[in-house]
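**Q** This is the structure, below, for whatever I ask next.
The values are calculated or read from the model by the stated rules, or taken from the named source; none is laboratory data. All values derive from a computational prediction rather than experimental measurement. Positions of Cβ are backbone-derived with ideal geometry, glycine not excepted, and every protein chain shown enters the neighbour counts. Note: areas computed on protein heavy atoms with side chains; ligands, DNA, RNA excluded. Shrake-Rupley method; radii C 1.70, N 1.55, O 1.52, S 1.80 Å.
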Amino acid sequence: MNKVRRQLKHRQYLPFSLLPFAFCLGIAVANAQGYPAKTVRIVVPFTPGGTADTLGRIVAAKLTESLGQNFVVENRPGAGGVLGSDLVAKSAPDGYLLVVSGVASHVIAPALAAKPPFDPARDFTHIALFGGPPAVFGVHPSLPAKDLKSFVVLAWKNPHTLIYGSPGNGTQGHLMGELFKQSARMEIVHVPYRGASGAVVDIVAGHIHAISTTLTTASAQIRAGRIRALAISSAARLPNYPDLPTYRELGYRDVVGTVWFSLSGPPGMPADIVSRLNGEVRRILQLPDVRERLRGDGIEPNQLDPKAFNTFMSDEIRRWGPIVRASGAVVD
């Protein structure tokens with residue numbers, strides 16, 4: 001009995017004031033280990049059929065397989081991706097409502113808004129970078145422009161006549177189109193759509209002359225010969241499109257960039273959940289069937305951990321912010 005009393009006497013206990021903290025910490029760890037315990041919703045802040053939607057659904061399907069709970073995609077388009085993103089920014093940081101973020105919704109649109117509803121760096125937990133395709137500029141096959149040079153000449157001869165569509169005001173398809181327009185010193189008319197799919201439908205139908213959108217969105221119609229691709233915004237030609245020149249090699253050196261997408265959540269998400277999702281997404285992007293699908297659309301998957309991804313996000317905001325504001329574009 002005396003031995004037991006001596007052990008109890010020297011045993012250390014947590015101060016009473018720290019018990020609530022320890023209790024909450026235990027719950028957080030248990031929640032992270034048991035995540036996900038129910039359906040996870042992934043908001044795509046653009047219309048169905050675009051690159052954000054495609055990437056979101058690929059990742060959601062694979063996460064469903066690997067984590068044993070449903071990951072479902074919800075399309076919430078509007079304001080260049082701001083509306084759906086803002087919904088997630090203001091949700092509970094429990095990992096059950098995520099968003100397909102990207103350069104359009106988290107870099108371009110906030111830079112254009114007079115009073116953006118969120119800070120793209122502070123008001124989100126940035127989880128994993130998917131990567132993204134270059135923008136492509138294409139025309140309807142009936143247009144007498146076989147290459148980019150002949151399109152520019154046609155535009156010079158017919159100012160304010162040729163119409164090009166984009167996924168919407170403030171999207172990178174729009175920005176690349178405007179950079180091309182300014183660099184070529186031509187007057188073509190921009191028509192913004194509420195998502196890329198509408199612009200693709202209209203150019204295939206011959207309602208507009210040209211389109212500036214992601215290669216992913218237009219690739220099927222390009223392969224089918226319903227859109228004639230003239231240039232892409234990647235730094236070099238893509239292996240799957242060896243005959244498609246870049247803007248840079250055609251003399252438009254500033255028209256370079258990718259339309260990248262990623263996975264983000266509300267601010268304050270548990271680090272363990274973020275780490276688990278990041279690892280799963282990176283694993284998914286390296287699966288042979290996924291890599292083949294993405295490379296066909298000109299997408300090279302990325303392998304950034306959460307810290308590196310946050311650094312990338314900050315760099316993109318600093319790079320594109322001044323350019324976007326100087327472009328004069330406005331968000332729908």
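**Q** In terms of the Cα gyration tensor, with a ≥ b ≥ c the square roots of its eigenvalues, is the chain rounded because a/c is under 1.5, prolate because a/b exceeds b/c, or oblate?
**A** Prolate.
**Q** At a Cα cut-off below 16 Å, give the aspartates and glutamates reachable from residue 146, other chains included and same-chain residues fewer than 8 away excluded.
**A** List returned: 243.
**Q** Calculate, for the chain, the solvent-accessible area per residue in square angstrom, rolling a 1.4 angstrom probe over the heavy atoms of the protein chains.
**A** Averaged over the residues of the chain, the accessible area is 46 Å².
**Q** So, one more: Give the long-range amide H neighbours of residue 208: residues separated by 5 or more places, or on another chain, with amide H under 5 Å away, using H modelled in the peptide plane at 1.01 Å from N.
**A** Counting only residues 5 or more places away or on other chains, the set is 203.
**Q** Share of the chain's accessible area from carbon and sulfur, percent, 1.4 Å?
**A** Here it works out to 56 percent.
**Q** Ordered by residue, what ³J(HN,Hα) values in Hz, to whole numbers, does segment 251-256 give under the Karplus form 6.51 cos²θ - 1.76 cosθ + 1.60, where θ = phi - 60° and Gly and Pro are x?
**A** Each residue of segment 251-256 in turn: x, 9, 5, 7, 8, 9 Hz.
**Q** Name the residues whose placed amide hydrogens come within less than 5 Å of the amide hydrogen of residue 40, ignoring near sequence neighbours (fewer than 5 apart) on the same chain.
**A** 70, 71, 72
**Q** Taking amide H atoms as placed 1.01 Å from N in the peptide plane, list the residues 5 or more away in sequence, or in a different chain, whose amide H sits under 5 Å from that of residue 47.
**A** 196
**Q** By the scheme Lys and Arg +1, Asp and Glu -1, what is the net charge of all other residues having a beta-carbon under 11 Å from that of residue 41?
**A** Neighbour charge sum, excluding residue 41 itself: +1.
**Q** From the phi of every residue in segment 94-111, what ³J(HN,Hα) in whole Hz does the Karplus formula 6.51 cos²θ - 1.76 cosθ + 1.60 yield, where θ is phi - 60° and glycine or proline is x?
**A** Using θ = phi - 60°, the values come out as 9, x, 9, 9, 10, 9, 7, 8, x, 5, 5, 7, 10, 10, 6, 4, x, 5 Hz.
**Q** Okay, next question. Can you compute the modelled spin-label distance between residue 37 and residue 150, with each label point 7 Å from Cα toward Cβ, in nm?
**A** Result: 6.4 nm between the two label points.
**Q** Provide Rg and Dmax in Å for segment 67-223, with only Cα atoms included in the calculation.
**A** When restricted to Cα atoms, segment 67-223 yields Rg and Dmax of 17.7, 59 Å.
**Q** Please give the calculated 222 nm ellipticity per residue for the chain, where each DSSP H segment of at least 4 residues contributes -39500 (n - 2.57) and the sum is spread over every residue; nearest 500 deg cm²/dmol?
**A** Mean residue ellipticity, 222 nm, calculated: -13000 deg cm²/dmol.
**Q** Could you check the simple spin-label distance between residue 119 and residue 69, using points 7 Å along Cα→Cβ, in nm with one decimal?
**A** Going by the 7 Å Cα→Cβ label model, 2.9 nm.
**Q** Each residue of segment 44-54 in order: what ³J(HN,Hα) in whole Hz does its phi give by Karplus 6.51 cos²θ - 1.76 cosθ + 1.60, θ = phi - 60°, with x for Gly and Pro?
**A** Per residue, the Karplus-derived 3J(HN,Hα) values read 9, x, 9, 6, x, x, x, 5, 4, 5, 4 Hz.
**Q** Here's something else I'd like to know. Among rounded, prolate and oblate, which fits segment 47-103 when a ≥ b ≥ c are the square roots of the eigenvalues of its C-alpha gyration tensor, a/c under 1.5 means rounded, and a/b larger than b/c means prolate?
**A** It comes out oblate by the Cα gyration axes.
**Q** In terms of the Cα gyration tensor, with a ≥ b ≥ c the square roots of its eigenvalues, is segment 223-332 rounded because a/c is under 1.5, prolate because a/b exceeds b/c, or oblate?
**A** Note, shape of segment 223-332 comes out oblate.
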